Amino acid sequence: MPHSQNATAQSGHSHGPAGLEDMGLVLTGLTILGLGIASFSAFLLPLPEWAVTGALVTAYLAGGVPAGLEALRELFGKFRLDIDLLMVVAALAAAAVGGALEGAVLLALFSLSGTLEHRALGKARRAVEALMALRADTALRVAGDTVVEVAVADLQPGDHVVLRPGARVPVDGLLVEGYGEIDESTITGESVPVAKEVGAQVYEATVNLNAVLTMQVARSLDQSTVARMIKLVTEAQGMKAPSERFSDWFGQRYTVAVLLGAVLAYGVLMWLGTPPQQALYQAATLLVAASPCAVVISVPAAILSALSAAARGGVLFKGGAALERLAAVKTFAFDKTGTLTTGRAEVTGVVSLMGEEAGFLRLLAGIEAQSEHPIAGALRREVAKRGHDPILVSDVSTSPSEGITGRDEQGPLWAGNPRMVQRMGAALDHALLAELQASPQTVVYLGREALVLGAISVADQPRATARQGIAALRASGVRQIVMMTGDRRAVALRIADQLGISPQEVHADLLPQDKVALVDQLAQKGAVAFVGDGVNDAAALARADVGIAMGAAGSEVALQAADVALLSEDMARLAAAHRLARRTLRIIRQNLVFAIGAMLVLVTSGLFFHLPLPLAVLGHEGGTLLVVLNGLRLLADPIRTP
Ligand code: ADP
Ligand code: MG
């Protein structure tokens, strides 16, 4: 089958502009038209000689020239014989022995399956091109008390931009004024609009539906979520799945073998005294019968279809390799905060040991001002809601899974969990703190050296779809599901209980390196997927057989460390993606078995039972078309909630 080397798009040829693709369609159409006219004349109503010849020449040119050029490029560019060459030689050989019609059938079907393959390929690429097309050109930047229209590329982090109803969000940022709904389907695949209030993140290329909003630019254009998705998808195309490498490798070796075999067969037949005409006929039949088109196309057809079906559902795979590894996963490990839970925690209790609450909250918001941790965001929002401004804190540095340290005018400060408290040599013996500690909530303590200044508790809540997502994973045969968290055990157990995860499956009080060690330990019993948000778990994401970044519409680290990005908030899609991966592998196996089997039958009958050329052509191309269609079935696979 066509362009095996391009199937995974490293040559760039199949990833040319959409115009090339349309051209392919026209050429395929012409080939089939030529073939149709010639067949009409042969089987139904004889047409004048010149019409038939014209039709056949058209079919050969339209079907054969692109393949021939491709073959020559491979041959002289990379010193590789590929299947395009086999097909062109086979068609010419057929024509030479009076089988011009059979040769045309060969070229027409070859061209058709090539076009189909490019369409599947193009789909994934078009999803990205569509994203690029959705990027706004200009934005309304606030300047004093007016707005000016500026090019999006000129926006700087910190600028304020006005979003009119119906307008596309020009860059990633934070909402600073207004309340409204945003359609994020372009990046999450989620069709239900999301309500956004002040402080919420908004992403480039999503649509502001109904209100006038003001946003603050958070990232420049080249670092936006969309830019990173485009990069991800482009990089992904270079990463081949093992089975793809197999079919490439096989196609290469085998093509050479078949060409040599056909030449050899011709020689032997001549030597045996077969008339040259018939020897050529049989060699051509053998060539067609033995061409490994179906084997070579079977893998990319399935993988590309699956990748683009997944992308439409908001699940991005970094290439076929990630897809194949996901299919083998038996254990799913989940990070808690920001992954199983929303990270938009509500504050449930405040204890200030420094008198007035406001002073305590201002210090807390100050030290958390630069943290990326979801808890820090929740604290900042709460303090802002209560109308307090953060105090300026400098020299901020984070201690992963413990908390954060810094300093203000009066000296060093820290905020964090009991482990942080312990490290600072502080004591939690105050009566007011006991109540907070007793509740199964996440408690953040604020202190200065060995003195605790107060504490705040936040109720981290499970994502709405988490329970269902976990149930779906179990239903689809996942052996083990575990929760890993840096939070304390009481909180972890409460969340686990709400999600249907048993206490034995909960690992709490972990540092980032503990998560990595646990992933390694689980991996001894089979492939492990780690699902995380990139905060304090990027190492585990990278270490797992499959790292899955959850809610990746925000976090850069997560996208880089992971193999799969779940852009949708819907956790049930995890199970859907897992099923899709396993289905893809099944289809690949079916295709390989079928394709190799069909080839063996054709070659055997070619060698021993005088297989007529038309039958060889039909068997060969019919088989190829079947595996392509079998692979394309995955395109229709809904990766939505079951
Ligand atoms: P998880 O593994 O559940 O995602 P993390 O490892 O990210 O949780 O965090 C573990 C705990 O560390 C949090 O529950 C919190 O108590 C504390 N922590 C981490 N970062 C901060 C921060 N910036 N401010 C306060 N506490 C923090
Ligand atoms: Mg986390």
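The values are calculated or read from the model by the stated rules, or taken from the named source; none is laboratory data. This one's a predicted model, so the numbers in the text were calculated from it and none came from an experiment. Quick reminder, even Gly has a Cβ in these numbers, built from the backbone with ideal geometry, and neighbours come from all protein chains shown. Note: areas computed on protein heavy atoms with side chains; ligands, DNA, RNA excluded. Shrake-Rupley method; radii C 1.70, N 1.55, O 1.52, S 1.80 Å.
With no solvent and one point per C-alpha, what does the Debye sum give as log10 I(q)/I(0) for segment 346-459 at q = 0.18, 0.20 Å⁻¹? The Cα Debye sum returns log10 ratios of -0.82, -1.05.
Note on segment 267-388: along the principal axes its Cα atoms extend 109, 27, 21 Å, ordered by decreasing extent. Once the C-beta distance of Arg423 and Gln370 is scaled by a Förster radius of 22 Å, the resulting FRET efficiency is 0.60 to the nearest 0.05.
The ratio of the alpha-carbon radius of gyration of segment 137-226 to the globular-protein estimate 2.2 N^0.38 Å is 0.97. The slack between Gln410 and Val176, meaning 0.36 nm per residue of separation minus the straight C-alpha distance, is 81.2 nm.
For Ala527 and Lys330, the difference between the fully extended length at 0.36 nm per residue and the C-alpha to C-alpha distance is 70.3 nm. Placing unit charges on each Cβ (+1 for Lys and Arg, -1 for Asp and Glu) gives segment 360-449 a dipole about its Cα centre, and among Gln437, Gly406, Leu379 the Cα reaching farthest toward its positive end belongs to Leu379.
Dividing the summed helix terms, -39500 (n - 2.57) for each DSSP H run of n ≥ 4, by the number of residues in the chain produces a 222 nm estimate of -16500 deg cm²/dmol to the nearest 500.
Seen against the Cα atoms of the chain and their longest principal axis, helix 242-271 is set at about 10 degrees. Longest span of the chain, sites excluded, free of GluC sites (Glu not before Pro) in DSSP loop with at most 15 other C-beta atoms within 10 Å? With a cap of 15 other Cβ atoms within 10 Å, the longest stretch comes to 1-196. Between Gln201 and Val57, how high is the FRET efficiency from 1/(1 + (r/R0)^6) when r is the Cβ-Cβ distance and R₀ = 60 Å? Nearest 0.05. Once the sixth-power term is evaluated, E becomes 0.50. Label positions at Gln498 and Leu44, each projected 7 Å from the Cα along the C-beta direction, are separated by 6.8 nm.
Among the trypsin sites (Lys or Arg not before Pro) found in segment 425-524, those both in a DSSP coil and sparsely packed, with 16 or fewer other Cβ atoms within 10 Å of their Cβ, are Arg479. What percentage of the solvent-accessible surface of the chain, computed with a 1.4 Å probe over protein heavy atoms, is contributed by carbon and sulfur atoms? Result for the chain: 62 percent of the exposed heavy-atom area is carbon or sulfur. Here the chain is assigned +1 on the Cβ of each Lys and Arg and -1 on the Cβ of each Asp and Glu. Its dipole about the Cα centre then comes out at about 1800 debye.
Between Met23 and Leu209, residue separation times 0.36 nm minus the direct Cα-Cα distance comes to 63.1 nm.
Restricting the calculation to Cα atoms, every distinct pair contributes to the Kirkwood radius of the chain, found to be 27.9 Å.
Summary value for the chain: 15 percent relative contact order, contacts being C-alpha pairs under 8 angstrom separated by 6+ residues.
With respect to the chain, whose longest principal axis is taken over its alpha-carbon atoms, helix 357-367 is tilted by about 40°. Per residue, the average separation of C-alpha pairs within less than 8 Å and at least 6 apart gives segment 419-554 a relative contact order of 15 percent. When DSSP beta bridges are limited to those with both residues in the chain, what percentage is antiparallel, rounded to the nearest 5? The antiparallel proportion sits near 75 percent. Once both labels are positioned 7 Å from their Cα atoms along Cα-to-Cβ, the gap between Leu72 and Arg633 label points is 4.1 nm.
Rounded to the nearest 10 degrees, the inclination of helix 466-475 to the longest alpha-carbon principal axis of the chain is 40 degrees.
With R₀ fixed at 35 Å, the C-beta to C-beta distance from Ala438 to Ala464 puts the FRET efficiency at about 0.80. Along the chain, counting only chymotrypsin sites (Phe, Trp or Tyr not before Pro) with a DSSP assignment other than H, G, I, E or B and at most 10 other Cβ atoms inside a 10 Å radius, the longest segment between sites is 80-608. Per residue, segment 137-226 exposes 46 Å² of accessible surface when a 1.4 Å probe is rolled over the protein heavy atoms with every protein chain present. Spacing of the modelled spin labels on Leu615 and Val601, each 7 Å from Cα toward Cβ, amounts to 1.2 nm.
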